[in-house]
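Step one of this worksheet: look at the structure below.
The values are calculated or read from the model by the stated rules, or taken from the named source; none is laboratory data. In this text, all values refer to a predicted model and were calculated from it rather than measured experimentally. When we count neighbours, we look across all protein chains shown, and the Cβ atoms used for this are built from the backbone with ideal geometry, even at glycine. The protein model used for the area step is the full one, side chains on, heavy atoms only, and it has no ligands, DNA or RNA in it. Shrake-Rupley method; radii C 1.70, N 1.55, O 1.52, S 1.80 Å.
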Amino acid sequence: MYSQALNERVEGPRIVEDPEKLAAFQARIDAEERIEPNDWMPEAYRRTLIRQISQHAHSEVVGMLPEGNWITRAPSLRRKAALLAKVQDEGGHGLYLYAAAETLGVSREELYEQLLAGKAKYSSIFNYPTLTWADIGCIGWLVDGAAIMNQIPLCRTSYGPYARAMIRICKEESFHQRQGYEIMLTLCRGTPEQKAMAQDALNRWWWPALMMFGPPDSESQHTEQSMRWKIKRFTNDELRQKFVDATVPQGLYLGLTFPDPELRYDETTGHWRFGKIDWEEFKRVLAGHGPCNRERLAARRKAHEDGAWVREAALAHAAKRRARERAQRIAAE
Amino acid sequence: MAEAKMPLWEVFIRSRTGLAHRHVGSVHAPDAEMALQAARDTYTRRGEGLSIWVVPSAAITASDPADKGPLFEPTASKIYRHPSFYEIPEEVGHM
């Protein structure tokens, strides 16, 4: 999804790297070698990855909220069990990713603190509300579909721990997309009211899903360095086009229409051409002014604060047990 | 307020009987028991394992990637350690 982080400038003091080491590093990347945690790496590579992986982790964790909203109201036990498993997977994905980021020398606590303080970003898509059950279908089908499109090339990203986390995540995520599409299919084959609900959800989620791939290539200068380091393998526009080409026929199969009057199939290229994306909306949402930004962060903060006593108690219990074992050992000697 | 940090554990999973435990990732937990529980929830949601090991990350001693040459290169020249180095007449059969 979640490579929106690769479109921004990396902050921090400029560091002049040893040109010889830099050349050897680039040679390893060009030879498709994986970079591992203790290997030498340019500071900018490390910072880019920390920001990218942590924003990806934050997106997974915040991404639990819009769907969690519907767990208690799922229309059947089958749907409820699936949604619960999906949301649990997202928590797990967040954990794999925080662990991958930690191999770069930051702690999970630091990263999480940045999220809660509103200093770190997460995918813009999770700042939209889930108004009806059809939104759960659309999230699985479109949002997870877009995420998979983005994440499959990340399985070959140059940083080993990130690539390994992505392999696990991609394996698990294909169920997410399929369960979403199945929800949409069921609604579209149901009553006219159910089909209208599916259409309404598609109308609201289509454009935000396209924005998930980040700004157009012409406006994203930082993509270039990430491509050279093979953190990123395809540009934003390439991935967006792949997603549109894969998704439009699926929507037509459902008997739904896309909220884009300019959408048409281009016979000569074999691609679906789409209309202009409202990048002002994207910037607004990313800057914190989407429909749910405040609500999402408030929910995460509350969960973190409400759980603080559990973390403290668990650490105190572990310390007490260690002390007791030590005392017993000494007494026995 | 800065919170106390949870210790880090490396997680190893045996996927089937007869296979070795393999490193799959890490978890944070206050003690070994909770690390096992967290590893089970995080890494075995789809029948990935029959057995889990958790090891405090701080207990692992790793080789330095900078020593890769002196540590591992000498074996490249020791081709006599491989069976294909030795010539056995075909009449002798498979050996």
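What the table shows:
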{"read-out": "Options A:Thr132, A:Thr191; residue that is over 30 Å from B:Ala29 (Cα atoms) and out of contact with any helix residue (DSSP H, G or I) (no Cβ under 8 Å at 6 or more places or on another chain)", "value": "A:Thr191"}
{"read-out": "Exclusive hit being within 14 Å of chain B (Cβ to nearest Cβ) and in contact (Cβ under 8 Å) with a residue 40 or more places away in the chain, set A:Ala165, A:Ala146", "value": "A:Ala165"}
{"read-out": "Strands (runs of 3 or more DSSP E) within region B:1-59 that include 3 or more residues facing chain A (nearest Cβ under 7 Å) and either hydroxyl-bearing (Ser, Thr, Tyr) or surrounded by 13 or more Cβ atoms within 10 Å (Cβ to Cβ) (or both)", "value": "B:22-28"}
{"read-out": "Among the residues listed as A:Ala82, A:Ala27, A:Ala44, A:Ala5, the single one being surrounded by 15 or more Cβ atoms within 10 Å (Cβ to Cβ) and either under 26 Å from B:Ala4 (Cβ atoms) or at pLDDT 95 or above (or both)", "value": "A:Ala82"}
{"read-out": "Neighbours by Cβ (under 7 Å, 6+ apart or cross-chain): first from region A:113-133, more than 23 Å from B:Lys5 (Cβ to Cβ); second surrounded by fewer than 22 Cβ atoms within 10 Å (Cβ to Cβ) and aromatic (Phe, Trp, Tyr)", "value": "A:Ser124/A:Phe282; A:Thr130/A:Trp70; A:Trp133/A:Trp70"}
{"read-out": "Candidate set: region A:271-294, residues that are free of Cβ contacts under 8 Å to residues at least 24 places away in the same chain and part of a helix (DSSP H, G or I); chosen: the one most open to solvent (accessible area, probe 1.4 Å)", "value": "A:Arg294"}
{"read-out": "Residues being part of a loop (DSSP other than H, G, I, E, B) and either more than 22 Å from B:Pro7 (Cβ to Cβ) or not β-branched (Val, Ile, Thr) (or both) - total across region B:60-69", "value": "3"}
{"read-out": "Residue check for A:Leu315: on the phi < 0 side of the Ramachandran plot, touching a residue at least 24 places away in the same chain (Cβ under 8 Å) and either within 14 Å of another protein chain (Cβ to nearest Cβ) or part of a helix (DSSP H, G or I) (or both)", "value": "no"}
{"read-out": "Single unsatisfied condition, A:Ala101 versus (1) among the hydrophobic types (A, V, I, L, M, F, W, C); (2) within 14 Å of another protein chain (Cβ to nearest Cβ); (3) under 16 Å from A:Ala299 (Cα atoms)", "value": "(3)"}
{"read-out": "Residue satisfying all of: in region B:60-80; β-branched (Val, Ile, Thr) and within 14 Å of chain A (Cβ to nearest Cβ); most open to solvent (accessible area, probe 1.4 Å) among these", "value": "B:Thr61"}
{"read-out": "Tally of residues being more than 14 Å from chain B (Cβ to nearest Cβ), closer than 21 Å to A:Glu67 by Cα and not hydrophobic (A, V, I, L, M, F, W, C) across region A:275-305", "value": "10"}
{"read-out": "Matching option when the condition is open to solvent by less than 40 Å² (accessible area, probe 1.4 Å), touching a His at 6+ places or on another chain (Cβ under 8 Å) and within 14 Å of chain B (Cβ to nearest Cβ), among A:Tyr96, A:Tyr112", "value": "A:Tyr112"}
